[in-house]
1. Would you check if A:ILE418 is assigned to a strand (DSSP E or B), farther than 19 Å from A:ARG343 by Cβ and either in contact with a helix residue (DSSP H, G or I) (Cβ under 8 Å, 6 or more places away or on another chain) or open to solvent by 10 Å² or more (accessible area, probe 1.4 Å) (or both)?
2. Which one is farthest from the other protein chains (Cβ to nearest Cβ) among residues in the stretch A:29-80 that are more than 21 Å from the chain's Cα centre (by Cα) and free of Cβ contacts under 8 Å to residues at least 24 places away in the same chain?
3. What are the residues in the stretch A:4-17 that are in contact (Cβ under 8 Å) with a residue 12 or more places away in the chain, within 12 Å of chain B (Cβ to nearest Cβ) and open to solvent by 30 Å² or more (accessible area, probe 1.4 Å), if any?
4. Would you point out the residue of the stretch A:112-166, among those that are part of a helix (DSSP H, G or I), farther than 27 Å from A:TRP40 by Cβ and out of contact with any strand residue (DSSP E or B) (no Cβ under 6 Å at 6 or more places or on another chain), that is least open to solvent (accessible area, probe 1.4 Å)?
5. Would you point out which residue out of A:ALA257, A:ALA252, A:ALA301 is touching a strand residue (DSSP E or B) at 6+ places or on another chain (Cβ under 7 Å) and part of a helix (DSSP H, G or I)?
6. Using the structure shown, decide if A:ASP35 is assigned to a helix (DSSP H, G or I), open to solvent by 30 Å² or more (accessible area, probe 1.4 Å) and farther than 28 Å from A:TYR567 by Cβ.
7. Restricting to the stretch A:490-507, give me the number of residues that are buried (at least 21 other Cβ atoms within 10 Å of the Cβ) and modelled with pLDDT under 95.
8. Within the stretch A:462-469, can one find any residue that is in a helix (DSSP H, G or I), more than 14 Å from every other protein chain (Cβ to nearest Cβ), closer than 24 Å to A:PHE495 by Cα and of a type in the set (D, E, K, R)?
Amino acid sequence: MPTDVEEWKDEIYGTDIRDHIERFAEDGWESIPDDEKDAWFERFKWYGLYHQRAGQESYFMMRIGPPGGVLEPGQFRRIVEIADEYARGPVSNPEFGNGWLDVTTRQAIQLHWIRIEDVPDIFEALEDVGLSTVQACGDSWRNIVGCPVAGKDKHEHVDAAALADDLHDTFKKNEAHSNLPRKWKVSVTGCDEGCGQGDINDLAFEPAEKVIDGETVTGYNVRVGGGLARNEPRFAKNIDVFVTPERAVEVAGGISALFRDHGDRENRYNARIKFLVDEWGPEKLRDVLQEEYIDFKLETAGEDLRHSYSYNAGDADGKHDHVGVYEQDDGNNYIGLNVLMGRLGIDDGYEIADAAEEHASGEVRLTQRQNIILTDVQDDKVDALLDNPVFDEYSPDPHPFQRGSIACTGSEFCSLSIVETKNRQVRFSRWLVDNVSLPEGVEDFHIHLSGCTASCAQPQIADVSLRGMKTRKDGEPVEALDIGLGGGLGENPQFASWVSDRVPADEVPGAIENLLANFDDAREDGESFREFVAARDDEELADLIEPEETSYEDPFMHNTKQTWYPYAEEDGLDDSPAPARADGTPIPSDD
Amino acid sequence: MTIALRTLDDGAWISVNDSREVGVSDIWTLPGHEFCNCETPHVLLEAFSGVDLRGVDTHVIADAVGMCIDCGTRDGIDSLVVGRIVDGEFKRYEPGSVQRPSVAASGDR
């Protein structure tokens, strides 16, 4: 039996939703019929609008997805302007103030506290500079991710930016692919470092070569079925297909159509293509793709470059992110800047836009580590650009604990998250910088905090993985984190092992401090953290994590989901100012 | 009166008549449930996987995944009574109140 969501999608989905958004915006929040709210909020996702969690009714998160994370000159500034005008909440966040944009792990930007009444004006402002929220959420082609410096990278094997753009142009607002059984996440990697993170996507194009008719052809191998959510992590599987850049869009369309037709529409928890790959295996998937969806003979897989993948591969000298100053293939430079937890304040955004326009091309790129990159900086402009004080905070040379930290949205706005994340991770990183020394030779150390098993912060591919949980401390339930170790990508990707459960959140910094000290004591010469973890079983690793209270203080130990906003002075659900009209005045309850 | 029941947003919450009524991340007290070896399991609900109406009192019954915060057992929970329908209105049970499996099975309370 189809789910309610499938029935709603059958009735109205895709571009047809736009007129209804405009109608509700014109008539106001209260015009959305009470008995249709679930249906409309589900549909709004297709246009990048996600209703915020309980206690924040009438406010939306808006996601903007530029393919490959590339914001052309003028686009970043426009998003900052939109955030300035429309994305401010009823109260401030103690770490981030009131008004920011969030860079996500899928190279998108999220704004919060958006009101439906403002959405048409925001759409117009975005479209004016070539941006869109289309399919940023919902059951369709999500933002296409890839190498964040594609097209400008010295390590590039094939131009991933061109394919990401082609896929975006082909499959956004494409009626045949608008309504899939579930979200559809696609990655394009073009470099020999593997920074597209294809292994954790539904569909991954990875650089490869193949001799065809006596000629060496450059293109992509194809993998299918990766993903991290719901305690069911999978790496994408090789389906033994090589495709040229010219035919990659056609193959992508075939696999998307296969998923559309064969994915499980009766059980959303079994709908992602990873479960179809589980059921069929890669061989059957390839056979069905060839027989039913592709009109030419598929090539078998070519020779890939995975042996050279260094991105997040756990090697001491590998590439871990794009933070820093690097030479582009045209002789200019790109400057990767650390954005703590991906959250960038509005005033800082204006400063960064000014600097990028004055000293570089004005292009801003977003990375899967929630950071930003300014491209096309001439050698003699690098120092002048970085002279701006804003880059003391958004630094190209941050401390490893801040450089390596990622956090999801958390209970601040998300319905599914169990714990507070972004503010907590800021506090963790600050305490670690002040109190903990990294062992010799360890210059990169990834700590990812996800509020729940949805894994939006990609915890399973970090050195230290943190996942929201609860436990009991001094007789009272408190927010806690599961701790996993040793995850990462590279030629042989590895999910973290969850070795220590339910550590009270205020004891996690102490646990990391002790873990690193124990690692330093027991490691072989030059042994990387990932190698160290791989050489030990979970029990042994658990003994190396010794949670303890320290000078770190955690203000979010209570149940932050029982608040309307965790940082409000009067934070009870009954104190919520939501739902609110367009001018922010609360709408009285009917009760 | 028809009651619209569903789980939404990856099982983050239960909707009753298009209103968000029961969310994840609360700790439910489940004596008598064979969830784990604890005398009284205290289970953090992580996600709902289904919801239905059952019994003469029209109990709202949820299937969920959770973890006992005391012993760490993670498992599915069948037929957790999260509230009831009274005169067409949903009345939520408090997570900390006692939830016995027999209520769900018999509809008697």
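The values are calculated or read from the model by the stated rules, or taken from the named source; none is laboratory data. The structure displayed is predicted, hence computed values, not measured ones. Methodologically, a virtual Cβ is constructed for each residue, glycine included, from the backbone with ideal geometry; neighbour enumeration extends over all protein chains shown. Note: accessible area is taken over every heavy atom of the protein model, side chains too, but ligands, DNA and RNA are not part of it. Shrake-Rupley method; radii C 1.70, N 1.55, O 1.52, S 1.80 Å.
1. Numbers: assigned to a strand (DSSP E or B): no; farther than 19 Å from A:ARG343 by Cβ: yes; either in contact with a helix residue (DSSP H, G or I) (Cβ under 8 Å, 6 or more places away or on another chain) or open to solvent by 10 Å² or more (accessible area, probe 1.4 Å) (or both): yes.
Judged against the criteria, A:ILE418 is not a match.
2. Ranking the candidates gives A:SER31 first.
3. Hit for the stretch A:4-17 is A:ASP4, nothing else.
4. By that ranking, first place goes to A:ALA161.
5. Exactly one residue qualifies, and that residue is A:ALA252.
6. Details: assigned to a helix (DSSP H, G or I): yes; open to solvent by 30 Å² or more (accessible area, probe 1.4 Å): yes; farther than 28 Å from A:TYR567 by Cβ: yes.
Yes.
7. 1
8. Taking every residue of the stretch A:462-469 in turn, none turns out to be in a helix (DSSP H, G or I), more than 14 Å from every other protein chain (Cβ to nearest Cβ), closer than 24 Å to A:PHE495 by Cα and of a type in the set (D, E, K, R).
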